Amino acid sequence: DRRADRQDLVEKMKARNYVVYNWVENELADLKLDPAKNFVFFTSDSEPVPASQGRDYLPGASTLACDFLKKKGGDRGFFLMIEGSQIDWGGHANDSDYLVSEMIDFDNAIGRVLNFARADGNTLVIVTADHECGAYSILQGSTQDSLKTHFASDYHTPDLIPVFAFGPGAQEFTGVYENSDIFHKIKKLLFR
């Protein structure tokens, strides 16, 4: 609602029957969502603060999204993407504490999604990244309580990115392949 082009996207969403919430007026955990209506929740005024500085909504939002989309989609199913984007920011900043705290936050969100998938029995969860950033290394002499780390870059690297999958069709995501193949694998599973 404060864009340079003066478009008020909040009002445009409301005109399309979206229910619009924001972090200033609403707590995510207190929302009572109607699956018959689309909604949007703005989580910050610009960039969200890091998890280490108090951002705590990603795991709860992940649970909320799975439950909402399940109710909304009925037997049709749904596709949900959850991004732990500030992991990348920690890599660019060469800030080990930032990167690790964001990974823990993302891991907690994925844990919630895996709990949903186990209970549902018909949900495929895929966890990956679009690239590595920082050439982050955990050095010899590290312990679980005290990491010795090193960054060899402050940008994206050509390191191979793992893909983890759980649920029906998970076997399609083994081996080494181009990351763009993930799209084709998902599409194959959706239309079989």
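At-a-glance table
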quantity	calculated
For Asp159, distant residues with modelled amide H under 5 Å away	Glu132
5 angstrom amide H check on Phe39, placed H, neighbours 5+ away	Val19
Across Lys12/Lys32; Lys32/Lys72; Lys71/Lys185; Lys70/Lys185; Lys70/Lys188, pairs whose alpha-carbon gap is larger than 24 Å	Lys71/Lys185
Rg ratio (alpha-carbon, reference 2.2 N^0.38 Å) - the range 1-55	1.29
Nearest-0.05 FRET efficiency for Gln140 and Leu69, computed from C-beta distance (R0 30 Å)	0.10
Cα-based Kirkwood hydrodynamic radius, the chain, one decimal, Å	19.1 Å
Sum of -39500 (n - 2.57) over DSSP H runs of 4+, divided by residues of the chain (222 nm, nearest 500)	-10500 deg cm²/dmol
Histogram of C-alpha separations across the range 144-192, 5 Å bin width, %	4, 14, 21, 16, 11, 12, 11, 7, 3, 1
For the range 65-192: relative contact order, % (alpha-carbon pairs under 8 angstrom, 6 or more apart)	21 percent
Value in Å of the Kirkwood radius, where the range 91-141 supplies the Cα pairs that are averaged	13.1 Å
Where the chain is the region considered: accessible area per residue in Å², 1.4 Å probe	69 Å²
Per residue convex hull volume, Cα atoms of the range 50-130, in Å³	83 Å³
Accessible surface of the range 135-192, 1.4 Å probe, proportion on carbon and sulfur as whole %	55 percent
In sequence order, calculated HN-Hα J values of the range 24-29 (Karplus, 6.51, -1.76, 1.60; Hz; x Gly/Pro)	6, 9, 9, 8, 3, 5
Where Rh is the Kirkwood radius over Cα pairs, Rg/Rh for the range 1-107	1.01
14 Å beta-carbon shell around Asp154, net charge (K/R +1, D/E -1)	-3
Spin-label pair Asp97/Ser44, simplified geometry with 7 Å Cα→Cβ offset, distance in nm	1.7 nm
Solvent exposure, largest accessible area first (probe 1.4 Å, DNA, RNA and ligands not counted), of Met81, Met13	Met81, Met13
Given the chain, longest segment not containing exposed loop GluC sites (Glu not before Pro) (DSSP; at most 12 other Cβ within 10 Å)	84-177
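The values are calculated or read from the model by the stated rules, or taken from the named source; none is laboratory data. Just so you know, these numbers come straight off a predicted model, no measurement behind them. Ideal geometry is used to build each Cβ from the backbone, glycine not excepted, and the neighbour counts take in all protein chains shown. In case anyone asks, the SASA skips ligands and DNA or RNA and just uses the protein heavy atoms, side chains included. Shrake-Rupley method; radii C 1.70, N 1.55, O 1.52, S 1.80 Å.
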